[in-house]
Amino acid sequence: MHKGLIEFVESCEFPTEIANFHLYAFTENATNKEHLAIALGSFDPSVPTLARIHCQCLTGESLFSLRCVCRFQLTESLKKIAKKGCGIVFYLQQEGRNIGLLNKIKAYKLQDQGLDTVEANHKLGFTDDPRDYKIVSAIAKYLGVNSVDLMTNNPRKITSLEENGLLVNKRIPIKSKTTKYNRDYLKTKAKKLGHLL
Ligand SMILES: [Zn+2]
């Protein structure tokens, strides 16, 4: 359906602390962004694949930030896939809900001054959540996946996948970890972005 949206670049073995995954690398033709699929097991097109769409978060995943829950949720989803022995994390280069690293820092500063995460995005000239998931459908097709059991709290991800030809068989809620630094952020995600927390 989305032929030409992405280009497969390379794949390799990917041993991690959680499991020995297989890593696939893609480029997105329209943006030159680099996206990954962290995969385990083999995929049967007639069986829904356990999956998560995860957006890269340097501050959370590499720098241990408590302002978001990305690191916790990435670890959770990789562990669930390892336990099942099969699944994919679609790891997208869409830092800060796709506003980029520097704008994310600007948005954090605005939140320090009292705005919520949605108001901060608007103040910087972005929509509340400018992420794009149609590449996920394209990557899934490439890997021979027709339907997913999606680990998410975000109904927008489900709608977008289905609009782009990837069936979501069921939603599997994913845990968040509340801290005093992300409590308001999670509340805003539930109230303004429709997340099911
Ligand atoms: Zn994060």
Open item on the list: Give the separation of the Cα centroids, the stretch 135-195 to the stretch 19-72, in Å.
Closed with: 12 Å
TODO: Could you pull the Cα extents of the chain along its three principal axes, largest to smallest, in whole Å?
DONE: 49, 34, 28
Task: Estimated inter-spin distance, Y142 and E10, nm [label 7 Å along Cα→Cβ] - done: 1.4 nm
TODO: Would you mind calculating the relative contact order of the stretch 113-197 from Cα pairs under 8 angstrom and at least 6 residues apart, reporting the percent as a whole number?
DONE: 31 percent
TODO: Note the full-extension length gain between R156 and K177 as 0.36 nm times their separation in residues minus their Cα-Cα distance, in nm to one decimal.
DONE: 5.5 nm
- [ ] Go ahead and estimate [θ] at 222 nm for the chain from helices alone: -39,500 (n - 2.57) per DSSP H run with n ≥ 4, summed, over the residue count, rounded to 500.
- [x] -10000 deg cm²/dmol
- [ ] Could you run the Karplus curve 6.51 cos²θ - 1.76 cosθ + 1.60 with θ = phi - 60° over the stretch 35-47 and give me ³J(HN,Hα) per residue in whole Hz, x for Gly and Pro?
- [x] 10, 10, 10, 9, 10, 9, x, 10, 10, 10, x, 8, 10
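Relative contact order of the chain, please, whole-number percent, based on alpha carbon pairs below 8 angstrom and at least 6 residues apart. Mind showing how you got there, number by number?
Numbers: 344 pairs, mean separation 43.9, N = 197.
The normalised contact order for the chain reaches 22 percent.
Quick one: net charge of I172's neighbours, Cβ under 10 Å, K/R +1, D/E -1? Spell out each step's value before the answer.
Values: positive: R52, K80, K170, R171; negative: D149.
Computed value for this residue: +3.
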TODO: Nearest 5 is fine: what % of DSSP beta bridges in the chain come out antiparallel, could you say?
DONE: 60 percent
Open item on the list: Taking the 0 to 90 degree range and rounding to the nearest ten, how far is the long axis of helix 70-84 tilted relative to the main principal axis of the chain, both from C-alpha atoms?
Closed with: 20 degrees
Open item on the list: Using a Förster radius of 35 Å, what is the FRET efficiency between K84 and I105 based on their Cβ-Cβ separation? Nearest 0.05, please.
Closed with: 0.45
- [ ] May I ask which residue of G87, A140, P48 lies farthest towards the positive end of the charge dipole of the stretch 3-161, with charges of +1 (Lys, Arg) and -1 (Asp, Glu) on Cβ and the Cα centre as origin?
- [x] P48
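With respect to the cross-link table entries K106/K177; K84/K157; K84/K177; K84/K109; K109/K170; K80/K157, which display a Cα-Cα separation exceeding 31 Å? Intermediate values should be presented prior to the final figure.
Numbers: K106/K177 24 Å; K84/K157 22 Å; K84/K177 22 Å; K84/K109 40 Å; K109/K170 37 Å; K80/K157 19 Å.
Violating the 31 Å limit, Cα to Cα: K84/K109; K109/K170.
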- [ ] Sort out the exposed loop chymotrypsin sites (Phe, Trp or Tyr not before Pro) in the chain (DSSP loop, at most 11 other Cβ within 10 Å) and tell me the longest stretch that has none.
- [x] 65-180
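A short reminder: the numbers here are calculations on the coordinates, not readings from a lab. These numbers come from a predicted model, not from an experiment. Cβ: placed from backbone, ideal geometry, glycine included. Neighbour counts: every protein chain shown.
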